[in-house]
Amino acid sequence: MNQKIEIGIRLREYGSQNYSSLVEFASALGMKPQTLNSYLTGKITPGGELLSKLSLLGCDIKWLLNGSPSDSISAYYNNKGFESPGVYKVLGTIPAGKAEFSEWENVNESKSIDYDPDTHFYLKVDSEFGYSMMPVVNPGDLVLVSTIAKVKDGDLVAAIYDKTKGALKIYNENKDAPFLAILTSYNQAIPPIIIKKENLQMYKVVLIEKVK
């Protein structure tokens, strides 16, 4: 059987077990029922953004894509040095303001969650420069970012620019100046950062984990 169709069948199975109707399932995913039906019939294969949403809803992504529960591939992760499926190293810190960010490095911390470690990594919000995104994101919080998810207007992103500067900001677009990115804070007292997109590297934040 075609792999797209098999994925569609498993997606339909997940939906029928967890939602009362196609409309309810589509609403939970933030899409129209017609669009969801294209995935269910195998016309479209779920991409990184949809897989992230499904994972947040509790769908076993490993099972969805290959028919095997996540537990069955634990040996694969152990052979690669992971403690269990979905273990991510914290690679550095990032300010939520305009300041220097640390180089990617192993800071001897890791977190476990069901995202692909090859395309996702954690950043820890800087304790000194992490106040402009409060109260949504606080100093010490962890943000999980994707290297493959498409960044859209209004997304929370980890933005790297000027080679040594970085910030956790809300990405905004200007229709009159599509070549510019406007990076804003939750704290309205903090002025926005306006920069050319060609000088900017952005990673979409797919998960915020609050410190206790």
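The values are calculated or read from the model by the stated rules, or taken from the named source; none is laboratory data. This is a predicted model, so every value here is computed, not measured. Glycine also receives a Cβ, built like all others from the backbone with ideal geometry; neighbour counts cover every protein chain displayed.
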Long-range neighbours under 9 Å by Cβ, at least six apart or interchain, first residue in contact (Cβ under 8 Å) with a residue 40 or more places away in the chain and farther than 20 Å from Ala149 by Cβ within the stretch 23-47, second in a loop (DSSP other than H, G, I, E, B) and polar (S, T, N, Q) = Gly42/Asn2
Only one of (1) surrounded by 19 or more Cβ atoms within 10 Å (Cβ to Cβ); (2) closer than 21 Å to Ser55 by Cβ does not apply to Gly130, and that is (2)
Give Lys43, Lys124 a once-over and let me know the one that is loosely packed, with under 13 Cβ neighbours inside 10 Å and at pLDDT 80 or above.
-> Lys43
Output the residue which, of all residues in the stretch 104-121 that are among the acidic types (Asp, Glu) and surrounded by 14 or more Cβ atoms within 10 Å (Cβ to Cβ), is modelled with the highest pLDDT.
-> Asp116
Condition check for Asn187: surrounded by fewer than 16 Cβ atoms within 10 Å (Cβ to Cβ), assigned by TED's automatic domain parsing to the domain that holds Ile94 and modelled with pLDDT of 85 or more | no
Does Gly30 qualify as being on the phi > 0 side of the Ramachandran plot, at pLDDT 85 or above and touching a Gly at 6+ places or on another chain (Cβ under 9 Å)?
-> no
Phe101 versus (1) in contact with a Phe, Trp or Tyr (Cβ under 7 Å, 6 or more places away or on another chain); (2) aromatic (Phe, Trp, Tyr); (3) at pLDDT below 85: which is the lone unmet condition?
-> (1)
Note on the stretch 138-152: residues surrounded by 18 or more Cβ atoms within 10 Å (Cβ to Cβ) and more than 13 Å from Val206 (Cα to Cα) are Pro139, Asp141
Quick one: which of Asn66, Asn18, Asn37 is modelled with pLDDT of 80 or more and exposed (fewer than 14 other Cβ atoms within 10 Å of the Cβ)?
-> Asn18
For Thr45, the lone unmet condition from (1) β-branched (Val, Ile, Thr); (2) over 20 Å from the mean Cα position of the chain (by Cα); (3) within 27 Å of Asp118 (Cβ to Cβ) is (2)
